[in-house]
Each structure stands twice: as structure tokens, then as C-alpha cells.
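First the structure, in the form of C-alpha cells, and then the observations on it.
The values are calculated or read from the model by the stated rules, or taken from the named source; none is laboratory data. The structure displayed is predicted, hence computed values, not measured ones. In this analysis, Cβ positions are derived from the backbone assuming ideal geometry, glycine residues included, and neighbour counts consider all displayed protein chains.
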């Protein structure tokens, strides 16, 4: 696989604080569960809804439509834009300045996630261990999956111990 075929680290265009606020408005509830069920019964409506989600999240977060959105636990930085698609933190190749190992001119997705989450008061969210991605859900609406409760086990409560490993935002080194 050439570098050009891999995802490129993406710096979100929407601030993390606003992302957390918007997420609160989209939190799972009975109304959204009914909307999700309605969408799933109507394939054309579901496709239109998913296309709108794709365009919106791609533009704002670089979303790769994995169907299992980790944005709320990663400072609203999509881990799937990591060229290695690591969902639990940076690889061992992050440069001392925070550069991506694959695309050194770009900041590592996880450095951006740590900076954004901590600035928004959600640094401990990054201590959650993400389960492996279910490739069968790719290209599905993560909003519909979330509202239907399919995202309930995306991460565990087991800490990653990133603080003990010395991982911190670039400005704090």
C-alpha cells in the first residue's frame, strides 16, 4: 500500500467544545431511537440520511464512515484518519514534535486528539480502551447505530495508562 492510499491525518474543523455540546443534543433517547428505526425501514431515506452524515462528518472531522464513531471519546478527532487506523492511541513512530510517522509534515491524529480533549476538559475520555472495529458496519450511519444502542460497547472502562506512558500534548513537553 502506498502512502497515497492511506488515510491522512485530519485536523477537525469544528472545535471540540462545540462537538461535545452538539453531541449532547444528539444523545440517544426514545425519539431518536424511533427515528433510527424509521430510517432503517426505508432504504432510500436511510441512504439519504447516511449520505448527509458522510458529507457533514467528512467535512468537519475527516470521517471515514466506519459506522462506529469514536469522536465523543477522542476530542472530536477521528482516529480513522490515522494512516495506521489506530483507535487506542499513537503508534511508536510519532516524532518528538508530534509529527505523524507516515506523513511527517502532518500532526499525529492522536496528538491532536489529546490536545483537543484536554482543552475541552475531557482528557480522561482518552483513557478508555476502544474495542476492535467491526468492519461489517463500514459505510453505515454511526448516528443510527448509536441511537439504536449498537455503540454501547465501543470502549471499555479499562484505562490505557497514557499518562503513565508520558503521552501529553506537544505544548506541555
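Of all residue pairs spaced 6 or more apart or on separate chains, those with beta-carbon atoms under 7 Å, a first member in the range 62-81 that is without any contact (Cβ under 8 Å) to a residue 40 or more places away in the chain and a second member that is assigned to a loop (DSSP other than H, G, I, E, B) and surrounded by 23 or more Cβ atoms within 10 Å (Cβ to Cβ) are 63/78.
Take the residues in the range 29-39 that are out of contact with any helix residue (DSSP H, G or I) (no Cβ under 6 Å at 6 or more places or on another chain) and in a helix (DSSP H, G or I), then tell me which one is surrounded by the most Cβ atoms within 10 Å (Cβ to Cβ).
We begin by selecting, within the range 29-39, every residue out of contact with any helix residue (DSSP H, G or I) (no Cβ under 6 Å at 6 or more places or on another chain); these are 29-31, 34-35, 37-38.
Applying the additional criterion that residues be in a helix (DSSP H, G or I) yields 30-31, 34-35, 37-38.
Values: 30: 8, 31: 9, 34: 11, 35: 16, 37: 12, 38: 13.
Checked the range 29-39; the qualifying residue surrounded by the most Cβ atoms within 10 Å (Cβ to Cβ) is 35.
Taking the numbered list (1) farther than 17 Å from residue 58 by Cβ; (2) buried (at least 19 other Cβ atoms within 10 Å of the Cβ); (3) over 12 Å from the mean Cα position of the chain (by Cα) in turn, residue 110 passes all entries but (3). With respect to the stated conditions, residue 98 is surrounded by fewer than 22 Cβ atoms within 10 Å (Cβ to Cβ) and in contact with a helix residue (DSSP H, G or I) (Cβ under 6 Å, 6 or more places away or on another chain).
Determine whether the range 43-56 contains at least one residue that is under 13 Å from residue 19 (Cβ atoms) and surrounded by fewer than 19 Cβ atoms within 10 Å (Cβ to Cβ). Spell out how you get there, then give the answer.
Initially, the range 43-56 is screened for residues under 13 Å from residue 19 (Cβ atoms), giving 56.
From what is left, the residues that are surrounded by fewer than 19 Cβ atoms within 10 Å (Cβ to Cβ) are 56.
Yes: one or more hits.
For the range 22-32, the criterion of being at pLDDT 95 or above, more than 16 Å from the chain's Cα centre (by Cα) and farther than 28 Å from residue 126 by Cβ is met by at least one residue.
When the range 115-126 is filtered for residues that are over 19 Å from residue 10 (Cα atoms) and surrounded by fewer than 18 Cβ atoms within 10 Å (Cβ to Cβ), the ones remaining, listed by number, are 121, 124.
Out of the residues in the range 123-150 that are in a loop (DSSP other than H, G, I, E, B) and under 19 Å from residue 86 (Cβ atoms), which is modelled with the highest pLDDT?
Filtering the range 123-150 down to residues in a loop (DSSP other than H, G, I, E, B) leaves 131-134, 138-141, 148-150.
Adding the requirement that they be under 19 Å from residue 86 (Cβ atoms) leaves 131-134, 138.
On the way: 131: 81, 132: 83, 133: 84, 134: 85, 138: 91.
This residue is 138.
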